[in-house]
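Novice: Got a structure for you, questions after.
We did not get these values from a lab; they are worked out from the coordinates using the rules stated. Keep in mind that this is a model prediction, so the values were computed, not measured. Don't worry about glycine lacking a Cβ; one is built from the backbone with ideal geometry, like all the others, and counts go over all protein chains shown.
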Amino acid sequence: MNHRWIAIAAALPLAACAASEMSAESTPPPAEMTCNADAVQSHVGQTATPELGAAILKESEARTLRWGPPRSAMTMDYRQDRVNIIYDDAYKITQVTCG
C-alpha cells in the first residue's frame, strides 16, 4: 500500500511540470479556456490522483493544472486558464482554485 502512495507522490509533481511546460504562452487564452473553480468544488476532500487531476482540468475548462503539495512554494502569477489543486499530507484535496 505504501508503494502506491510513493508512486502517486512521484507522479503528481511531474504531471504539474508537464502541464505547465505545455502552455508556456504569453498570450491570453480564448474565453473558452478560462478556469471555472465553482464547477469543481465537489472534489474538495477527495484523494488527489493523476486521474482526478485530469477530470478536474476537464471539468474546470482550464488549459493547465498545477498541483500544490503541502509545504511547497508556488509562484503568485495569476493565470486565468490554470486550475490549482492544493492537497495535504494524506493526499486529500483541501482547495481547488483558479489562477
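Novice: Taking the Cβ of each residue in T49, T64, T75 as the centre, tally the other Cβ atoms inside 10 Å and list the residues starting with the fewest.
Specialist: Taking fewest neighbouring Cβ atoms as first place, the list is T75, T49, T64.
Novice: Does the stretch 52-99 come out rounded, prolate or oblate, given a ≥ b ≥ c as the square roots of the eigenvalues of its C-alpha gyration tensor, rounded meaning a/c under 1.5 and, failing that, prolate meaning a/b above b/c?
Specialist: Cα axes put the stretch 52-99 in the oblate bin.
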